[in-house]
Every structure is written in structure tokens, then in C-alpha cells.
Amino acid sequence: MKILVTGAAGFIGSKLMGVLASRGDEVVGIDSINNYYDVRLKYGRLSEMGIMLNDEFVWNQPIQSSRYETCRFIRMSIDDRHAMEELFEREHFEKVVNLAAQAGVRYSITNPYAYLQSNLAGFLNVLECCRHYEVKHLVFASSSSVYGLNSKVPYSEEDKVDTPVSLYAATKKSNELMAHSYSKLYGLAVTGLRFFTVYGPWGRPDMAPMLFARAISNGEQIKVFNNGNMIRDFTYIDDIVEGTIRTLDHVPVTQKSSNGVAYKIYNIGCSHPVKLMDFIHEIESAMGHEAEKIFLPMQPGDVYQTNADTSMLKREIGYEPMVTLHDGVAKFIQWYKSEKNPLK
């Protein structure tokens, strides 16, 4: 099967691309490799795939993986409409996984226009290309942030998501609405995944696990927001990728939909939320050092609790996370301390 993965230099995308290639799929990964965070991490993820890049690499030109015969990478942006159209016309993808987006809740407070370009205009390009070039199934990344001010937990797919607390969350909610309309209008099979807090080796440097590990390593204070009174549904990267692939292989059909639209939304998380302080203790234990903590108030755009009800994904897809928090944190810290970590 020929699959496009956007956001292929990202945390989830790079891992997903490797697993798909390992099972024999033909995979094309694309990514703009923007400088939202240190690009050494993005290059490192790609090098694990046998794709060696540098800042002089030519845009829109494919490079073959030296590790996987069925894997190629192209540096390009989903908001480049003409490049996207040429790519789809040339490659004839059967399925698409769209993970490309401007990430970050707090970053959206100070850089709102970046989210309009990538998360809205870019996603529209993906939808248009999928419709015109007869893609059989589009899976796209939504986010647990769409639940916003919802107080009911655990979060269920049937809950209303009309109260976002950041522009990032608003763009993800918009993606869900855009995808539903394309599914209804053009018969495009679409599945959206509301990702909950993902962690593990090669994770983003602006997320808590990397921030905590780096601070402890350097003997610096860690910032603990809302005085540590926060709860997160931390999910290990391998479980997220496994669930994404199961979803990709499970194409929604009109006949099985209650409203006649081949469109599904799933939560994908661990369903075992933990207190932020408990997560910090796991990091401290794995690092062998106690962190010096500075307690701060809740930040704009943050929510107190995330907790996924994943019963629908388990029932319909067979998804069930396997990695415990203790084991996952241990694997993350092992990688963090290793020579593979370009930011160590």
C-alpha cells in the first residue's frame, strides 16, 4: 500500500513512517522542517530512518532512505498548494496520514498567524488533494485540546467541543469540521485522532518530559505550573503509533455510519491519567536526581486535566495501550542519556 505521511520529521510522524516501512508499505514522508524547535532533533529522527539531511537540502526533491527500500522523504510544506498537487498527481497515494501542523498551545498565544497558514490553509490543501486524487482513507491528527473548558471527565467523543482555550485548539476543532464536510460532500473516508499527551524517545523539546529531564541534568529548576495541581493522560509513543496504524487500516464506510458519512473521530490516549507531580517523581527516579522545583500559576491556554475515554477505539479498532508510565519513562530517560539524543 502506498501511504503519504505529512509531518514526517515530527515526533509521531517519524516513528510512524518507520513502522509502516517495516511492515512493507511504500511510504513517502514530507515535512517543512521549520524551526519551531531545534532542527537537530528533526534531522536525528530522520537519520534513524536512514534519511540524511542538512540545511542545504533541496526543497521538493525526494531522497531515498538507506534503511528502508520502500521509504522516501521530501522536504516540502503542506501549505504549498502547487507542490502538493504535483506530489499527489505524481505519486497516486492510496492512504494519507496528516500529522503536519504548527504545534504548541502556548506558542499560539504569541504567534497566531503560523497556525492559520499550516493548520487551516495547509489542511485544506490536504483535503483538496485527497478528494481530487481519489485517496481511499485520510487519517488526520486532532488533539485533546479541543475539549477546552469541558469539566466532565473522562473526555468522550460524544462530548461537545465548543469551548477551546487556545487558537491551537480552535484550529484542531476547525480541522474536524472541515474534514467532516469533505467526507459528506465528496465521499472521502476520513478519521480524526484526538491525541492525548504523547511522550517517549525523540519527543519534542518543548514538552514536559524533555524540559524536566534537561533541567534535572543541568541542575536547574523545573517549572511546575498550577502548583503541580494538574492531571495528564501520558501515552507512550509506541502505543500511539500502534493505534494510528490500526486506525489507518480500518476505513470508515458510509453504510456503518449513523448519519451516512464515512467519518470517525476517536480519542487516542492511555486512559490512566496521572498527577503531574507523580510524573515528575518518575522522571526523578529514572534520572537518579531530585528536581529543584519552582511552582507557578496556570498558564494561558492550559487546562487542568486531560483524561481520555478510549473505549470506542478499543471496541472498534482493538486499541489497547501496553506501556506503563514507569516503563515508558525509563525508556525515555535511557534514550535521553544516550548518544542518540542530539540535544543532550
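The values are calculated or read from the model by the stated rules, or taken from the named source; none is laboratory data. Fair warning: this is a prediction, and the values are worked out from it, not measured in the lab. Neighbour counts are summed over all protein chains in view; Cβ atoms, including those assigned to glycine, are modelled from backbone coordinates with ideal geometry.
The table for this structure:
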quantity	calculated
Residue, nearest to the chain's Cα centre (by Cα), within the range 124-160, restricted to residues that are surrounded by 21 or more Cβ atoms within 10 Å (Cβ to Cβ) and over 30 Å from Glu89 (Cβ atoms)	Ser143
Single residue of the range 203-258 satisfying the filter (in a helix (DSSP H, G or I) and charged (D, E, K, R)) that is farthest from the chain's Cα centre (by Cα)	Lys256
Condition met for Pro164 (at pLDDT below 95, surrounded by 16 or more Cβ atoms within 10 Å (Cβ to Cβ) and in a loop (DSSP other than H, G, I, E, B))	yes
Within the range 167-202, tally of residues that are of a type in the set (S, T, N, Q), modelled with pLDDT of 95 or more and outside any helix (DSSP H, G or I)	1
Members of the range 308-342 that are in contact with a His (Cβ under 9 Å, 6 or more places away or on another chain) and either surrounded by 14 or more Cβ atoms within 10 Å (Cβ to Cβ) or within 16 Å of Met207 (Cβ to Cβ) (or both)	Glu316, Ile317, Pro321, Leu325
Meets criteria (under 22 Å from Ala9 (Cβ atoms), at pLDDT 90 or above, surrounded by 15 or more Cβ atoms within 10 Å (Cβ to Cβ) and over 17 Å from the mean Cα position of the chain (by Cα)) for Ala83	yes
Pair list, Cβ < 6 Å and 6+ apart or interchain, from the range 104-120 residues that are under 18 Å from Ser32 (Cα atoms) to residues that are of a type in the set (A, V, I, L, M, F, W, C) and in a loop (DSSP other than H, G, I, E, B)	Ser118/Ala101; Asn119/Ala101
Helices (runs of 4 or more DSSP H) completely within the range 1-106 that count 2 or more residues being among the charged types (D, E, K, R)	39-48, 81-91
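Rundown of residues vs (1) of a type in the set (Ser, Thr, Tyr); (2) within 24 Å of Tyr37 (Cβ to Cβ), yes/no style:
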position: Leu124; (1), (2): no, no
position: Arg131; (1), (2): no, no
position: Ala141; (1), (2): no, yes
position: Asp162; (1), (2): no, no
position: Met178; (1), (2): no, no
position: Ser183; (1), (2): yes, no
position: Gly187; (1), (2): no, no
position: Val190; (1), (2): no, no
